[in-house]
Amino acid sequence: MSDVQTKPVLIGKTQQSLREILQEMGQPAYRANQIYKWVHHHQVKSFDEMSNLPKTLRAELAEKFHLGNLTMATREVSTDGTIKYLWKTTGNHFMESVFIPEERRNTICISSQVGCALGCAFCATAKMGFLVNLTCSEIVEQVIRVQQDTGEKITNVVFMGMGEPFLNYSRVIQASHIFSDPEGLAIAAKKITISTVGVVPRIYQFTDESQPFSLAISLHASRQDLRQSIMPIADKFSLDQLMDSARYYTFNSKKRITFEYVLLEDINHSAKDAKGLISILSPLKCKLNLIPFNDTGLGFRTPSAEKIKPFYDILEGAPFTITLRKNRGNDISAACGQLYSKEKMTEKTPRFIKSRPTPIAT
Ligand code: SF4
């Protein structure tokens, strides 16, 4: 085993855990705050850059720790400026992040797990099955590395890459606090969006803890039977239970939820679907984000603009905001799980691909 795998990593450590580490090293507590800021706020690439630390401490830190541990395996740039990264972890797993530059904001879509247990029928990541939860360090490092690589300040973070963030709840929340900490990455909490397919107990927990981050729910169907046919999570938590938890969130947090709705040709954009959406979403403070399906070769297709129009026309009468998301990075497979799949499908090591989703643990 190389020392890359044996040395602990400083990215993703809280100030409290750094204080404990520094205490063990016989250092004063204030050094923890200095190191935390060098790692997360200034995002230095070497211990030598930590100029307010004594040289002896810098040397000791370099001997005992790594700053981060992700290896960039692939970097693909789209004609629209979107950049897709494939990272290799020290556990030899691959996961991905997507950088999406826009005029007024720079968004990064990050992963929370390698693979996913939830088996959504239209999702490339689902085909991998669940492999591991990412560590807090691996979650935070995705943003730091992309910021270093692009030289651009990340303004928005969305947990919509590989995995279900609410099945890696404590690490996702810890990472999000490091993102929003003014001494950390200093990204506004409301610009950090955690997107779940509907792990209902965690929606209640997220609400009860008054987490300051934004919540998105991947809905994709307005009827229980249709949802069950494309999203196995609906077998465990019904659409009614999901909508109850969404109401609990909006009522208690006074915040708006974003519902994501991927448009799958001839599956979920009929007049009945549009009316169903109006019926279940109208009582809520919410926004509906329609997403044209990014073709992943899983047997689903993207509906044409003509096919979506009647559905959209009905929705225009809804009392909530509706947005139609532009697909970004189509030429580089920048949809959830797609770059990974493209890479791995060409390898002769199918150990990453499981045919059946593993059971849901909450
Ligand atoms: S869409 Fe999200 S929750 Fe569903 S299988 Fe893919 S990664 Fe998992």
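Would you please classify the overall shape of the stretch 100-236 from the alpha carbon gyration tensor, given that a ≥ b ≥ c denote the square roots of the eigenvalues, rounded means a/c under 1.5, and beyond that prolate means a/b larger than b/c while oblate covers the rest? Each step should come with its number before you reach the end.
Numbers: a/c = 1.82, a/b = 1.60, b/c = 1.14.
Prolate.
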Legend entry - Interchain or long-range residues, amide H under 5 Å from E102's placed H: T107
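What dipole magnitude, in Debye to the nearest 20, does the chain give about its Cα centre under +1 on Lys/Arg Cβ and -1 on Asp/Glu Cβ? Write down the numbers at each step before the final one.
Values: 44 positive and 36 negative charges, 45 e Å.
So the magnitude is around 220 debye.
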Legend entry - Nonlocal amide H pairs with A73, under 5 Å, H built at 1.01 Å: L86, W87, K88
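Give me Rg/Rg_expected for the stretch 176-280, where Rg uses Cα atoms only and Rg_expected = 2.2 N^0.38 Å with N residues.
Values: Rg = 15.2 Å, N = 105, 2.2 N^0.38 = 12.9 Å.
Against the empirical 2.2 N^0.38 Å value, I get 1.18 for the stretch 176-280.
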Legend entry - Positive-end extreme of charge dipole, the chain - chosen from F206, S180, H220 (charges on Cβ): F206
Inset, instruction - Subtracting the Cα-Cα distance from 0.36 nm times the residue separation, let me have the gained length for M72 to S270 in nm, one decimal. - result: 67.1 nm
Inset, instruction - First check a/c for the chain, with a ≥ b ≥ c the square roots of the eigenvalues of its C-alpha gyration tensor; if it is under 1.5, answer rounded, and if not, answer prolate when a/b is larger than b/c or oblate otherwise. - result: prolate
Legend entry - 0 to 90° range, to nearest 10: angle between helix 15-24 axis and the chain longest Cα axis: 30
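Could you calculate the contour length gain from S17 to Q224, that is, 0.36 nm times the residue separation minus the distance between their Cα atoms, to one decimal place in nm?
Details: separation 207, 0.36 × 207 = 74.52 nm, distance 4.39 nm.
That works out to 70.1 nm of additional length.
Based on DSSP, what percent of beta bridges with both residues in the chain are antiparallel, to the nearest 5? Let's see the in-between values first.
Numbers: 19 of 44 bridges.
Bridges in the chain that DSSP calls antiparallel: roughly 45 percent.
Set the bar at 19 Å for Cα to Cα. Now go through K7/K153; K191/K287; K191/K255; K272/K326; K153/K190; K64/K153 and name every pair that lies beyond it.
Over 19 Å Cα-Cα: K7/K153; K272/K326; K64/K153.
What dipole magnitude, in Debye to the nearest 20, does the stretch 167-319 give about its Cα centre under +1 on Lys/Arg Cβ and -1 on Asp/Glu Cβ? Please report the intermediate quantities before stating the final value.
Values: 18 positive and 16 negative charges, 63 e Å.
Dipole size: approximately 300 debye.
Heavy-atom accessible area per residue, the stretch 3-64, 1.4 Å probe: how many Å²? Mind dumping the intermediate values first?
Working: 3360 Å² over 62 residues.
On a per-residue basis, the stretch 3-64 sits at 54 Å².
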Legend entry - Three-way shape call for the stretch 3-64 based on the alpha-carbon gyration tensor, with the a/c threshold at 1.5: rounded
Legend entry - Accessible area in square angstrom per residue, the stretch 71-352, 1.4 angstrom probe: 39
Legend entry - R0 of 41 Å, Cβ-Cβ distance E49-I322: FRET efficiency to nearest 0.05: 0.30
Legend entry - Lys, Arg +1 and Asp, Glu -1 on Cβ, resulting dipole of the stretch 3-64 about Cα centre, debye, nearest 20: 160
Inset, instruction - Quick one: which residues, 5+ away or cross-chain, put their amide H under 5 Å from the amide H of G198? H built at 1.01 Å from N. - result: S218
Legend entry - 3J(HN,Hα) from dihedral phi, the stretch 118-128, Karplus parametrisation 6.51/-1.76/1.60, rounded to Hz, x for glycine, proline: 8, x, 4, 5, 9, 10, 5, 4, 4, 5, 7
Inset, instruction - Would you work out what percent of the accessible area of the stretch 152-268, with all protein chains in place, is carbon or sulfur (probe 1.4 Å)? - result: 49
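Can you tell me the mean projection area, over all orientations, of the convex hull of the stretch 38-172's alpha carbons? Units nm², please. Walk me through the numbers on the way to the answer.
Details: hull surface 38.1 nm².
The directionally averaged projection comes out at 9.5 nm².
Extension gain E102-A188, at 0.36 nm per residue separation less the Cα-Cα distance, in nm? Don't skip to the end; give the middle numbers.
Values: separation 86, 0.36 × 86 = 30.96 nm, distance 1.72 nm.
This chain segment gains 29.2 nm when fully extended.
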Inset, instruction - Please give the helix 305-315 orientation as an angle from the longest Cα principal axis of the chain, in degrees from 0 to 90, rounded to the nearest 10. - result: 80
Legend entry - Using alpha-carbon coordinates, inclination of helix 136-150 to the longest axis of the chain, degrees: 90
Legend entry - Residue-by-residue Karplus 3J(HN,Hα) for the stretch 41-49, coefficients 6.51, -1.76, 1.60, Hz, glycine and proline x: 8, 7, 6, 5, 9, 8, 5, 4, 6
Legend entry - Within the stretch 182-262, trypsin sites (Lys or Arg not before Pro) in DSSP loop having at most 10 other beta-carbon neighbours inside 10 Å: K254
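The values are calculated or read from the model by the stated rules, or taken from the named source; none is laboratory data. Just so it is clear, the structure is predicted and the values come from calculations on it, not from any experiment. Note that each Cβ is placed from the backbone with ideal geometry, even for glycine, and that neighbours are counted across all protein chains shown. Please note that ligands, DNA and RNA were not included when accessible areas were found on the heavy atoms of the full protein model with its side chains. Shrake-Rupley method; radii C 1.70, N 1.55, O 1.52, S 1.80 Å.
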